[in-house]
Amino acid sequence: MRAHPKLRPIVIATITACCSAGVMAQTLQEVVVSASRSEQKSFDAPAAVQSVGREVIQDAGPQVNLSESLVRVPGLTILDRQNYAQDLQLSIRGFGARATFGIRGIRLLIDGIPASTPDGQGQGSSISLPSTERIEVLRGPLALLYGNSSGGVIQAFTKPAPDAPTVDYQYYVGSYGLHRADYQFGDTVGKVGIVADYSTMSIDGYRANSTTERKQFNGKLAMDLNDDLKVNLVFNQFDMPLARDPLGLTRAQLQQDPSAAGTNATSTLTRKIVAQNQVGSSATYALDKDQSLTGRVYYGNRENTQYLSSSRWVGLTRDYYGVGLQYNARTKVADTPVEWVTGYEFDRSREYRVGGLSPAGQKTGANTRSEDNQSENSDLFVQGTAALSEKVSVAAGLRNSTVRFISDDYYTSGGDPNGSGNVSYQATSPVVGVTFHASDSLNLYANYGKGFETPTLAEMAYVPTAGSTTLLSGQFNTALNASTSRHYELGTKWAPTETSRVDFAYYQIDTTDEIVIERSSQGQNSFKNAPGTSRSGWELSASSQWTPHIALTASAAMIDAQYSQTFTTGTTTVASGSKMPGIPQTSVYSELAWTSQPAGASRTPNGLRLAVEMVQSGRIYANDSNTESADGRTVFNLSASQRWGVGKGSLTAYARLNNLSDERYVGSVIVNQSALQFYEPGLPQNWTVGLSLRVPL
């Protein structure tokens with residue numbers, strides 16, 4: 001008799017996560033949690049979800065940026081702007097593409113603790129890559145059950161503690177003055193496991209005025225207090241004492257010297273200073289073999305100071321915290337197996353925002369801005385999966401969200417109007433999906449969901465100055481509506497052999513009141529609502545262990561993202577059918593890897609690994625009217641690693657040569673930049689080499 005679809009053995013969901021280390025795929029059964037909030041085999045998850053594992057993260061580069069390893073996930077776009085003052089530009093199916101700094105429209109979680117604030121802001125640098133075991137990327141309607149600004153979900157998990165005391169050390173050097181060091185200790189004492197990781201990074205940068213220094217600590221205590229109670233305690237610290245901002249370039253500046261800084265960057269010393277600390281705890285208590293309770297609590301503080309090219313500075317001090325409780329259960333309803341989860345989440349952020357003049361990059365005079373900005377969410381959710389038969393399962397969920405914003409403006413002198421205000425948003429997000437388990441090697445699924453996305457506090461911070469076509473005024477913009485979206489998705493997961501896997505998804509997304517950039521001026525941005533947008537596209541990922549020594553990984557995606565209704569922004573009319581800016585229309589990734597040791601020898605075999613990568617990205621528009629754009633690019637990268645056994649430990653050498661053909665290309669764009677400084681150049685040919693030492697004590 002055929003096994004129940006929830007229990008049958010499956011092929012690894014993402015061979016990408018293992019084959020780079022020469023591991024036989026058929027023996028692995030990858031588990032993910034993002035799709036259903038409980039452990040579930042990825043092959044049976046009724047959603048587009050990929051997991052990138054430790055070996056890929058290690059092989060992909062010096063572990064500084066998420067773009068190194070996540071570039072292989074279809075539907076996820078990471079534009080590496082080589083500007084650490086502004087972080088990566090990260091979008092999923094176009095959500096988040098409007099972000100001029102940080103991450104918007106995508107939920108970030110680290111060990112189950114939110115790394116996104118209630119309004120949807122987040123920073124990719126919050127994830128400490130050297131101590132990360134895996135990263136899950138959830139796309140499509142099921143992501144909407146994570147609430148506000150969940151066009152997708154990125155969830156990182158810290159590596160488990162080793163059984164014996166172990167020290168790890170990594171050191172990388174590379175082009176443009178890159179230095180990266182990491183120190184890690186792990187051990188298990190009784191029922192307590194510890195992982196402590198400290199890393200440093202410094203780089204001079206390819207472009208003028210782009211020097212950066214970063215320090216990061218990530219620690220995790222995992223405690224199995226008894227057979228029923230498990231507690232995790234995590235602490236993260238991120239310190240960036242200096243990140244110079246080279247700004248964007250005009251097309252003429254780009255053609256003349258892509259390594260130059262943008263207008264006024266050097267004279268005003270544009271830069272950012274960040275310090276962030278966060279502590280959190282989660283606990284899971286098994287009521288019995290079929291029921292459990294999970295609670296979480298966290299608190300964080302972020303200090304941020306930025307010097308702009310307008311000879312002004314802005315700063316904020318943010319305190320944020322939250323709690324959550326969820327109940328998981330397995331039961332039967334009329335002989336139908338059902339797995340379900342219900343819960344409540346409350347999160348709050350309060351930031352004190354100030355600003356003033358900074359000629360030549362130095363603060364001077366009294367503050368010209370002083371205000372309190374607050375955001376909070378209060379959400380209830382329920383999600384369940386029912387196995388109607390051996391062939392068919394149904395997943396459904398509902399989330400009710402309330403998001404509130406409050407601004408108290410304390411600076412109203414000098415003709416500056418009072419910018420105080422408050423606004424709240426409420427939405428109910430339903431999701432439903434059906435999976436047809438055609439065979440042990442083929443699943444088909446269809447999903448529908450309705451989501452919403454509020455503006456962030458940063459996006460409500462400015463409005464266009466009356467009578468000016470370029471300047472902005474620091475007023476709280478309560479006129480912004482939350483956008484609402486309807487998502488349709490069809491997908492299939494196929495494992496034609498024990499060592500190969502193909503995933504395909506097609507989607508259609510229709511959005512009302514899309515939040516778009518109205519004006520980007522001298523590091524400040526104002527936003528407005530576009531009446532309607534439409535996105536349609538497909539995503540493909542495939543992987544195969546061709547021979548015991550050769551593995552292929554590939555992914556591709558296409559998206560047609562356009563404004564479905566005509567609207568006006570400033571003095572510009574954006575016609576229906578215009579492409580949404582900041583979203584590459586196509587992307588392709590492939591890696592062909594050879595290992596001296598056959599796959600399946602061990603999880604991390606000794607020996608040599610050689611690989612060649614191709615990364616392609618299509619045309620990307622820089623403004624709503626589509627008069628400015630960056631051409632597509634195709635870049636080839638080479639990588640090599642050699643691992644030796646050293647007693648009970650190991651020594652691994654890494655080397656990479658990126659952009660083999662030294663192609664000149666635009667890495668990212670600053671959408672609707674009012675001074676036409678849209679373009680941020682990608683890196684020319686560059687290299688890194690590194691060593692990793694693991695020593696059990």
- Message: Report every pair of residues separated by at least 6 positions or lying on different chains whose Cβ atoms are under 7 Å apart, first residue within the stretch 232-252 and within 22 Å of Ile203 (Cβ to Cβ) and in contact (Cβ under 8 Å) with a residue 40 or more places away in the chain, second hydroxyl-bearing (Ser, Thr, Tyr) and part of a strand (DSSP E or B).
- Response: Ala243/Thr212; Arg244/Thr212; Gly248/Tyr679; Leu249/Tyr679
- Residue satisfying all of: in the stretch 71-89; touching a residue at least 60 places away in the same chain (Cβ under 8 Å) and within 10 Å of the chain's Cα centre (by Cα); surrounded by the fewest Cβ atoms within 10 Å (Cβ to Cβ) among these: Leu76
- Message: So the check is Cβ under 8 Å with 6+ separation or different chains; which pairs have a first residue in the stretch 470-483 that's more than 8 Å from Gly419 (Cβ to Cβ) and a second one that's of a type in the set (Gly, Ala, Ser) and at pLDDT below 85?
- Response: Thr470/Ser521; Thr470/Ser674; Leu471/Ser521; Leu472/Ser521; Leu472/Ser526; Ser473/Ala466; Asn477/Ala461; Asn477/Ser526
- Here are some residues: Thr586, Thr595, Thr553. Which one is of a type in the set (Ser, Thr, Tyr), over 30 Å from Tyr679 (Cβ atoms) and within 23 Å of the chain's Cα centre (by Cα)? Thr553
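Would it be correct to say that Pro417 is crowded, with 16+ Cβ neighbours inside 10 Å and in contact (Cβ under 8 Å) with a residue 12 or more places away in the chain?
no
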- Message: Show me the strands (runs of 3 or more DSSP E) found entirely inside the stretch 548-662 where at least 3 residues are among the polar types (S, T, N, Q).
- Response: 550-563, 586-595, 633-646, 649-658
- Message: Kindly evaluate Gln123 against the criterion of being touching a Pro at 6+ places or on another chain (Cβ under 6 Å) and farther than 18 Å from Ala622 by Cα.
- Response: no
- Please work out which residue is farthest from Gly324 (Cα to Cα), limiting yourself to the stretch 95-124 and to residues that are small (Gly, Ala, Ser) and surrounded by fewer than 24 Cβ atoms within 10 Å (Cβ to Cβ). Gly102
- Hey, can you tell me all the residues within the stretch 515-540 that are in a strand (DSSP E or B), polar (S, T, N, Q) and under 20 Å from Tyr679 (Cβ atoms)? Ser520, Ser521, Gln524, Asn525
- Of everything in the stretch 497-519 that's more than 25 Å from Lys579 (Cβ to Cβ) and either buried (at least 22 other Cβ atoms within 10 Å of the Cβ) or of a type outside the set (Gly, Ala, Ser) (or both), which residue is modelled with the lowest pLDDT? Glu498
- Select from the stretch 182-207 the residues that are surrounded by fewer than 18 Cβ atoms within 10 Å (Cβ to Cβ), among the aliphatic types (A, V, I, L, M) and under 25 Å from the mean Cα position of the chain (by Cα) and list them in ascending order. Ala196
- Please specify each residue of the stretch 182-224 satisfying the condition of being in contact (Cβ under 8 Å) with a residue 24 or more places away in the chain and assigned to a loop (DSSP other than H, G, I, E, B). Lys191, Asp204, Gly205, Tyr206, Arg207, Ala208, Asn209, Ser210, Thr211
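Only one of Leu138, Leu144 is part of a helix (DSSP H, G or I), closer than 28 Å to Gln86 by Cα and either in contact (Cβ under 8 Å) with a residue 24 or more places away in the chain or touching a His at 6+ places or on another chain (Cβ under 9 Å) (or both). Can you tell me which? Before you say what the answer is, go through the steps one by one.
Details: Leu138 fails: part of a helix (DSSP H, G or I).
Among Leu138, Leu144, only Leu144 is part of a helix (DSSP H, G or I), closer than 28 Å to Gln86 by Cα and either in contact (Cβ under 8 Å) with a residue 24 or more places away in the chain or touching a His at 6+ places or on another chain (Cβ under 9 Å) (or both).
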- When the residues of the stretch 374-419 are filtered to those that are of a type in the set (D, E, K, R) and part of a strand (DSSP E or B), which remaining residue is nearest to Val432 (Cα to Cα)? Arg399
- Message: Just to verify a result, which residue in the stretch 208-240, among those that are within 22 Å of Gln123 (Cα to Cα) and over 23 Å from the mean Cα position of the chain (by Cα), is surrounded by the fewest Cβ atoms within 10 Å (Cβ to Cβ)?
- Response: Thr211
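Is it fair to say Leu142 is over 14 Å from the mean Cα position of the chain (by Cα) and either within 24 Å of Asp319 (Cβ to Cβ) or at pLDDT 85 or above (or both)?
So Leu142 fits the description; yes.
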- Restrict the check to the stretch 352-367 and report whether at least one residue is within 23 Å of the chain's Cα centre (by Cα) and of a type in the set (Phe, Trp, Tyr). no
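To keep it simple, each residue is scored yes or no on (1) touching a strand residue (DSSP E or B) at 6+ places or on another chain (Cβ under 7 Å); (2) hydroxyl-bearing (Ser, Thr, Tyr).
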residue	(1), (2)
Ala222	yes, no
Phe235	yes, no
Pro241	yes, no
Asp245	yes, no
Thr250	no, yes
Ser259	no, yes
Asn264	no, no
- Out of (1) out of contact with any Phe, Trp or Tyr (no Cβ under 6 Å at 6 or more places or on another chain); (2) modelled with pLDDT of 95 or more, the one Val279 does not meet is (1)
- Note on the structure: Restricting the stretch 480-496 to residues that are in contact with a Lys or Arg (Cβ under 8 Å, 6 or more places away or on another chain) and assigned to a loop (DSSP other than H, G, I, E, B), the one modelled with the lowest pLDDT turns out to be Leu480
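The values are calculated or read from the model by the stated rules, or taken from the named source; none is laboratory data. Because the structure is a prediction, the values reported are computed rather than measured. A quick note on method: Cβ atoms are made from the backbone with ideal geometry, for glycine too, and the neighbour counts reach across all protein chains shown.
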